[in-house]
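Peer 1: Mind having a look at this structure? Questions to follow.
Since every read-out is calculated from the coordinates, none of them should be taken as a lab result. Just so you know, these numbers come straight off a predicted model, no measurement behind them. Every residue, glycine among them, receives a Cβ derived from its backbone with ideal geometry; neighbour counts consider all protein chains shown.
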Amino acid sequence: MNFSTCENRSEGTTPAADSATVETVELPGVDTSELTRREQREWSTYVSDLLAPCPDQPVSIAQCVKESRKCEACKPAADFLLTQVRRGRARSQAEAAFRVRFSTDEVKPIELGDSPSKGPKDAPVTVVEWADYECPHCGMMAPVLDQLVERFDGQVRFVFKNYPLSIHEHAEMAARAAVAAGKQGKFWEMHDLLFKKQATFTNDFAHFAKELGLDVKKFLKDIESEDVADRVAKDKKEADKLGLEGTPMIYINGRNFTSGYFDPKEDLDDFVKLEIKLRTGKDVDPKPLPKASATATEEDGEQPSTAPSGAKTAPSAKAEGKGNPGKPAPSAN
């Protein structure tokens with residue numbers, strides 16, 4: 001279902017309240033009519049126990065919504081927890097997902113620099129991906145992220161960074177090939193071609209340069225240059241600081257979308273829509289996805305054009321722990 005494998009996240013969570021003593025909560029604008037009685041009690045516990053996602057509003061989510069506090073994220077937080085309950089998430093998982101999605105502590109600064117990007121630089125949403133050209137999961141996500149810029153016209157900027165994994169024989173040189181092509185103004189053309197042909201990689205990337213009409217002599221010089229190698233290494237170093245556990249690793253406005261709690265098919269559009277809403281006050285619906293392409297052939301290694309369901313990351317050689325779940329709201333006493 002999610003990007004990463006199951007982990008023990010019980011530490012730091014709030015003990016579940018006795019379901020028999022939980023008072024059912026009703027909030028304006030939040031439809032809980034399709035929940036079972038057990039689910040209603042579970043959701044009521046979450047919105048009563050968890051703090052509103054605005055630091056200047058130290059009240060529960062429920063109180064924030066009921067009193068129409070000045071916190072645009074309160075109702076979305078209640079809706080988000082409703083979705084977690086409907087998907088059958090355990091309390092620890094739901095609280096941890098809430099923290100990743102709404103806590104200001106979870107927003108990480110990311111240096112964009114001169115990394116290749118698509119979409120307006122002043123877009124309200126910036127999506128940053130670290131990927132490995134030999135990683136099949138990255139190949140599946142590539143067209144999805146590319147379409148995101150088109151579907152949310154003018155609202156999304158997509159930034160690409162390299163993270164070639166040591167487990168993939170040709171990943172490092174593929175990353176360098178993309179950077180080298182960028183020196184001739186064809187980064188994205190090489191990016192797309194590499195993912196399309198990832199099943200055919202050898203140690204020779206010159207034929208890709210020739211296919212794109214590049215100056216092959218310059219390309220071969222650049223791909224072996226210290227400057228190109230340093231650019232790839234810089235991307236990897238930044239990802240390591242963020243605790244990369246596998247590829248693709250995707251951050252949306254500084255939040256880790258590939259934290260293990262979100263699904264690219266079910267959650268990506270909603271994640272982006274909420275970011276647009278919180279930053280612009282506008283409700284923006286994306287253009288519909290194009291019809292899925294035919295099954296990829298083994299010859300060219302093409303990937304499907306729609307979001308993969310249950311995509312997982314390719315493992316990194318280095319794994320680090322994740323943060324604690326959301327904090328409980330203070331007692332009303």
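Peer 1: Between LYS241 and ASP122, how many nm apart are label points set 7 Å from Cα along the C-beta direction?
Peer 2: For the pair LYS241/ASP122, the computed spacing is 2.8 nm.
Peer 1: In which sequence would LYS66, LYS221, LYS241 go, from the one with the fewest C-beta neighbours within 10 Å to the one with the most?
Peer 2: LYS241, LYS221, LYS66
Peer 1: Just need the relative contact order of the range 15-106 here, percent rounded to a whole number, with Cα pairs under 8 Å and 6+ apart.
Peer 2: After rounding, I find 25 percent.
Peer 1: Further, regarding this structure: Let me have the relative contact order for the range 109-311, percent, based on Cα pairs under 8 Å that are six or more residues apart.
Peer 2: 29
Peer 1: In which sequence would LEU35, LEU165 go, from the one with the fewest C-beta neighbours within 10 Å to the one with the most?
Peer 2: Taking fewest neighbouring Cβ atoms as first place, the list is LEU35, LEU165.
Peer 1: Starting from the eigenvalues of the Cα gyration tensor, five times each then square-rooted, give me the equivalent ellipsoid semi-axes of the range 15-106, largest first, whole Å.
Peer 2: The answer is 19, 15, 12 Å, longest axis first.
Peer 1: Just to be sure I follow: if Rg is taken over the C-alpha atoms of the range 152-228 and Rh is the Kirkwood radius over the same atoms, what is Rg/Rh?
Peer 2: Value, to two decimals: 0.99.
Peer 1: Quick check: pseudo-label points 7 Å beyond the Cα along Cα→Cβ at ARG87 and SER166, how many nm apart are they?
Peer 2: 3.3
Peer 1: While we're on this one: What is the distance, in nm, between label points placed 7 Å from the Cα along the Cα-to-Cβ direction at LEU278 and at GLU72?
Peer 2: 1.0
Peer 1: Between beta-carbons, use under 9 Å as the cut-off and find the net charge around VAL228, counting Lys and Arg +1, Asp and Glu -1.
Peer 2: Net charge around VAL228: -2.
Peer 1: Taking R0 as 51 Å, what FRET efficiency do you get between LYS217 and THR24 from their Cβ-Cβ distance, rounded to the nearest 0.05?
Peer 2: About 0.10, to the nearest 0.05.
Peer 1: If r is the Cβ-Cβ distance from GLU226 to ASP153 and R0 is 56 Å, what FRET efficiency results, to the nearest 0.05?
Peer 2: So, using R0 = 56 Å, E works out to roughly 0.90.
Peer 1: Can I get the semi-axes of the range 152-280's equivalent ellipsoid? Compute them from the C-alpha gyration tensor as square roots of 5 times the eigenvalues, in angstrom, largest first.
Peer 2: 30, 17, 14
Peer 1: Moving to a separate point now. May I ask you to sort TYR251, TYR46 by Cβ crowding, counting other Cβ atoms within 10 Å and putting the fewest first?
Peer 2: TYR251, TYR46
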